[in-house]
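Student: One structure, as structure tokens, below. Some questions next.
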Amino acid sequence: MKILVCMSVVPDTTTKISFIENNTKFNTQGVQFIINPYDELSLTKAIEIAEKNGGTVTVATVGLSDTEPVIRKALAIGANDAIRVNAEPKDGLQVASLLADIVKSNAYDLVLTGRESIDYNGGQICGLLAELLSWPAVNVCTKIEFENGNMQFERDIDGGRQNVTCSLPVIASAQKDLCEPRIPNMKGIMAARTKPLSVIEPNINETGSEYFQFENPVAKQAVRMIDANQAGDLINILKNEIKILS
Amino acid sequence: MIGIYAEISDGKFKKSVLEAASYANQMNSNGVVAFCVGSTNDDEIQKLSKYGVNKIVTIGSISFDSQNYTQILSKAIQKENIQTLILANTYEGKSIGPRLSIALNASLATNVISLPDMNQGFSVKRSVFSGKGFAYVKLIKDTKVIAITPNSIDLIERPTSISIENFDGAVSENKTNITSTHKAEGKIPLTEAEIVVSAGRGLKGPENWGMVEELANLLGAATACSKPVSDMGWRPHSEHVGQTGITIKPNLYIAIGISGAIQHLAGVSSSKVIVAINKDPEAPFFKAADIGIVGDAFEILPQIIAAAKLNLN
Ligand SMILES: Cc1cc2nc3c(=O)[nH]c(=O)nc-3n(C[C@H](O)[C@H](O)[C@H](O)COP(=O)(O)OP(=O)(O)OC[C@H]3O[C@@H](n4cnc5c(N)ncnc54)[C@H](O)[C@@H]3O)c2cc1C
Ligand SMILES: Nc1ncnc2c1ncn2[C@@H]1O[C@H](COP(=O)(O)O)[C@@H](O)[C@H]1O
């Protein structure tokens, strides 16, 4: 089975988010970049499926050369090879169009994405890519397995979960609970150095949106403390002052 | 014309649909058309008319498949000459919104929390970096698909009369097959809850969640938890909120025995009012909270529960 894992490179979860150039750009100074946590899950799952059923795992990232150390980490975790599309991500449509191009020219059976990237949090790529390819898609999966020639999924739905089956090819997005992410070991790190990482130039430049301004949330006012012995007052305050309870 | 996707859940339109209608009725337009798949009843349809929907286009029931929903909905939407389609960022909305944007050749914005600003083209505000920032984004294509975050848009009534039309369209066979569905009965889905009671490792063990659930029931709230709590299996993973869990935006978030790590705050800090209860006065959560109580949850919660029983309807 040929599996493609779409991977975005995002700021570490502890990053304090700030903006520069009149709030038109994200400030990357001093920021540590990591594999998007959901993509760590889809990557691990793809490797498990390939180990069980035979197959290869390719990682694809749309990003500039500064994403390569993180791509090498994905190779160290166990991907066979990687593709980097040499473009700065601008919006979901651009990224999905570039990824669709890779899928079209390589005959993958299974394409995995994360449920969302924790930077721009579009949660868009899985659906965009599926529609660009005219493929079925299963979003927000807590289980992804290949059994008896078919894909078996469990996905989150509003207020519950659902089991879904589908034949290949299909695209799915990973949700927490899918698996335990693998951590690279020494052998993996050594092997990653020589695994193929091909760089391709973008041949499409379609976008649907333009980011032009950012801001941070307004800082909270000082917290109002309630005495522990009067904790019941909380209900009174919420009901009669803030009027949020009735 | 503005369109809204009116998701049906158990025969009803959820609050998020009324939010989408309120969003649409505040945009300068000559009418709002709702599109729904599946069956509902007259009372529900009249509910939409209260929020400015002039027309509803109904499509017969088909089993959910994002590809087929997109196929039939995009045909119905194109027939009505819709320039902007509003939907809610529910799981269903997330599955079809991006697909619809491709089928309609539209610009797409998700996690949107504001009405469009028409001053410089057509732009909206959306939350990014899991709530640690906001972005203003211009939608450059003629047609737009906008997915709004639940609890971001106030309900605005604009009563009108509503006409009903059925759209008949052939769909291909679903490629995905749903084999079973499990829904927690009678529970309020976390992403849509207006009030959330959440607890962390400070509660010591799963056996102590009785009081968290009791308070949640009294307040009509959903329950949530921190990541370690779901990692240890004290609570189901579907309750895990934060940067790597669910991002929520309730009117009221009560955090009990949660330290307030940056990754946790990322998913909850957009809540309108935050209450933190923690025995450590230095807990970071107090910097992100509106109201704080320093003390032992095992002494504080019973007091709050007693007050809720006494004072709430
Ligand atoms: C990549 C990454 C992603 C992450 N994503 C998330 C995420 O999405 N969501 C998330 O929640 N975390 C996330 N975390 C974990 C996060 O960093 C914290 O470790 C976690 O939020 C802590 O959970 P906690 O507050 O329940 O536990 P603790 O940090 O152990 O805090 C327990 C708190 O309870 C208080 N307490 C103890 N006893 C009592 C008592 N009797 N009464 C009242 N208070 C009491 C303590 O003072 C303390 O503040 C992530 C971490 C990483 C590295
Ligand atoms: N620049 C990118 N390159 C490759 N894959 C990406 C990129 N951005 C997002 N993705 C994939 O799309 C998923 C959802 O991202 P998003 O739609 O941005 O929230 C991520 O988890 C990745 O799998």
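The values are calculated or read from the model by the stated rules, or taken from the named source; none is laboratory data. Bear in mind the structure is a predicted one, so any value in this text is a computation, not a measurement. Glycine also receives a Cβ, built like all others from the backbone with ideal geometry; neighbour counts cover every protein chain displayed.
Student: Can you name every residue in the range B:74-123 that is more than 8 Å from chain A (Cβ to nearest Cβ), closer than 24 Å to B:Ala193 by Cβ and in contact with an Asp or Glu (Cβ under 8 Å, 6 or more places away or on another chain)?
Tutor: Listed by number, the residues that qualify are B:Leu87, B:Ala88, B:Gly93.
Student: Let me ask something else about it. Give the range B:240-265 a look and list any residue that's more than 9 Å from ligand 1 (Cβ to nearest atom) and surrounded by fewer than 21 Cβ atoms within 10 Å (Cβ to Cβ), or say none.
Tutor: Hit for the range B:240-265 is B:Asn251, nothing else.
Student: A further question follows. Return only the number of the condition from (1) within 7 Å of chain A (Cβ to nearest Cβ); (2) surrounded by fewer than 18 Cβ atoms within 10 Å (Cβ to Cβ); (3) farther than 21 Å from B:Leu190 by Cβ that B:Pro284 does not satisfy.
Tutor: Of everything listed in (1) within 7 Å of chain A (Cβ to nearest Cβ); (2) surrounded by fewer than 18 Cβ atoms within 10 Å (Cβ to Cβ); (3) farther than 21 Å from B:Leu190 by Cβ, B:Pro284 misses just condition (1).
Student: Another question, if that's okay. Do you know which of the residues in the range A:105-125 that are within 14 Å of A:Cys6 (Cβ to Cβ) and of a type in the set (D, E, K, R) is nearest to ligand 2 (Cβ to nearest atom)?
Tutor: A:Glu116
Student: With the structure loaded, tell me whether B:Ala288 is within 19 Å of B:Ala224 (Cα to Cα) and within 16 Å of ligand 2 (Cβ to nearest atom) or whether it fails that test.
Tutor: On the way: within 19 Å of B:Ala224 (Cα to Cα): yes; within 16 Å of ligand 2 (Cβ to nearest atom): no.
Taking the combined requirement at face value, the residue does not satisfy it.
Student: Can I ask one more? Of everything in the range B:266-293, what is more than 12 Å from ligand 1 (Cβ to nearest atom) and assigned to a strand (DSSP E or B)? Give them in sequence order.
Tutor: Those that are more than 12 Å from ligand 1 (Cβ to nearest atom) and assigned to a strand (DSSP E or B): B:Val273, B:Ile274, B:Val275, B:Ile291.
Student: Consider A:Lys25 against the criteria (1) more than 16 Å from ligand 2 (Cβ to nearest atom); (2) more than 17 Å from A:Glu88 (Cα to Cα); (3) not aromatic (Phe, Trp, Tyr): it satisfies all of them except one. Which criterion is unmet?
Tutor: The single condition A:Lys25 does not satisfy is (2).
Student: Name the residue that is nearest to ligand 2 (Cβ to nearest atom), counting only residues in the range B:267-285 that are at pLDDT below 95 and of a type in the set (Gly, Ala, Ser).
Tutor: Restricting to residues being at pLDDT below 95 and of a type in the set (Gly, Ala, Ser), the top hit is B:Gly267.
Student: Now, a different point. Can you pull out every residue in the range B:151-165 that is within 15 Å of the chain's Cα centre (by Cα) and of a type in the set (S, T, N, Q)?
Tutor: Pass one, the range B:151-165, residues within 15 Å of the chain's Cα centre (by Cα): B:151-155.
Once the filter is applied, which keeps residues that are within 15 Å of the chain's Cα centre (by Cα) and of a type in the set (S, T, N, Q), the range B:151-165 yields B:Asn151, B:Ser152.
Student: Conditions: (1) away from ligand 1 (no atom under 16 Å from the Cβ); (2) crowded, with 24+ Cβ neighbours inside 10 Å. A:Leu41 meets all but one. Number of the miss?
Tutor: (1)
Student: Another one. In the range A:110-140, how many residues are farther than 24 Å from B:Ile72 by Cα and assigned to a strand (DSSP E or B)?
Tutor: Residues meeting the conditions: 5.
Student: Given the residues A:Ile77, A:Ile17, which is the only one that is at pLDDT 95 or above and among the aliphatic types (A, V, I, L, M)?
Tutor: Working: A:Ile17 fails: at pLDDT 95 or above.
Answer to the check: A:Ile77.
Okay, residues lined up against (1) within 11 Å of ligand 2 (Cβ to nearest atom); (2) in a helix (DSSP H, G or I); (3) within 14 Å of chain B (Cβ to nearest Cβ); (4) modelled with pLDDT of 95 or more:
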residue	(1), (2), (3), (4)
A:Asp39	yes, yes, yes, yes
A:Leu43	yes, yes, no, yes
A:Ala50	no, yes, no, yes
A:Pro69	no, yes, no, yes
A:Arg72	no, yes, no, yes
A:Ala87	yes, no, no, yes
A:Gln94	yes, yes, yes, yes
A:Ala100	no, yes, yes, yes
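Student: A:Gly122 is checked against (1) away from ligand 1 (no atom under 16 Å from the Cβ); (2) out of contact with any helix residue (DSSP H, G or I) (no Cβ under 7 Å at 6 or more places or on another chain); (3) within 14 Å of chain B (Cβ to nearest Cβ) and fails just one. What number does that condition carry?
Tutor: Every listed condition holds for A:Gly122 apart from (2).
Student: From A:Ser65, A:Ser8, which residue is of a type in the set (Gly, Ala, Ser) and touching a Ser or Thr at 6+ places or on another chain (Cβ under 6 Å)? Show your work before the answer.
Tutor: Details: A:Ser65 fails: touching a Ser or Thr at 6+ places or on another chain (Cβ under 6 Å).
Exactly one residue qualifies, and that residue is A:Ser8.
Student: Right, A:Lys176: more than 7 Å from chain B (Cβ to nearest Cβ) and touching a residue at least 24 places away in the same chain (Cβ under 8 Å) or not? Quick ask: steps written out before the conclusion?
Tutor: Values: more than 7 Å from chain B (Cβ to nearest Cβ): no; touching a residue at least 24 places away in the same chain (Cβ under 8 Å): yes.
Criteria not met by A:Lys176.
Student: Return the residues of the range B:124-150 that are facing chain A (nearest Cβ under 7 Å), more than 20 Å from the chain's Cα centre (by Cα) and assigned to a loop (DSSP other than H, G, I, E, B); say none if nothing qualifies.
Tutor: Listed by number, the residues that qualify are B:Ile140, B:Lys141.
Student: Within the range B:193-209, work out how many residues are in contact (Cβ under 8 Å) with a residue 60 or more places away in the chain and either part of a strand (DSSP E or B) or assigned by TED's automatic domain parsing to the domain that holds B:Gln78 (or both).
Tutor: 3
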